[in-house]
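Reviewing the structure listed below.
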Amino acid sequence: MTYANLAAWDERQRMVSSMRVGPEAKSSLQHSRSYTGNRRWQVVSELWRLFEECHTDGWDEYGAKGVAVEAFKVGLEFVEKLPLFVDNPEVGADPDGDVSFEWFKSDDTVLTLSINSERKIAYAGAFGQERPRGIENFGSDIPSAIRVYLSKYFGNVIPLVQDQDE
């Protein structure tokens, strides 16, 4: 490990250890890491990697703001709230310091969310001719407007076939 990498690692360790994570987020993190019955740990791991790489200003070499600690924590909480039947999203950082999630099936089946420190979720989607967009508050659960699109277009539930004898 080079000196620069070691210095970055030390900075990350100090920054992460100084984060004030509430009991809900700590519980959420512990649950995510210990529960291997679903694939969400992959998203949580990717979100941590993203935060490590993008938490300082200028991470993109074009002046982007670093991912805000609060946006990171809200992103972790969002991942915990995703229904298990919804496919895993791609994780990204926005130049304004927000965390983004994207589900992509085809050019006309896409949903992108951007989550900020104030618990606002900006979303835009493409579903054939439908082009929903808006801003929702992220309270105790994923807003219903967003949940509908996740369930309808990005769910991995196989419908049960009803027996013809019934």
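Hey, can you rank 131-139, 51-59 by average C-beta count inside 10 Å, highest first?
51-59, 131-139
What net charge do the residues around LEU82 carry, taking every other residue with its C-beta under 14 Å from that of LEU82, with Lys and Arg at +1 and Asp and Glu at -1?
That sum, taken over residues with Cβ under 14 Å, equals -3.
Only the coordinates and a few stated rules stand behind these numbers; no lab work does. Not measured: the values here are computed from a predicted model. Backbone-built Cβ (ideal geometry, glycine too); neighbour counts: all protein chains shown.
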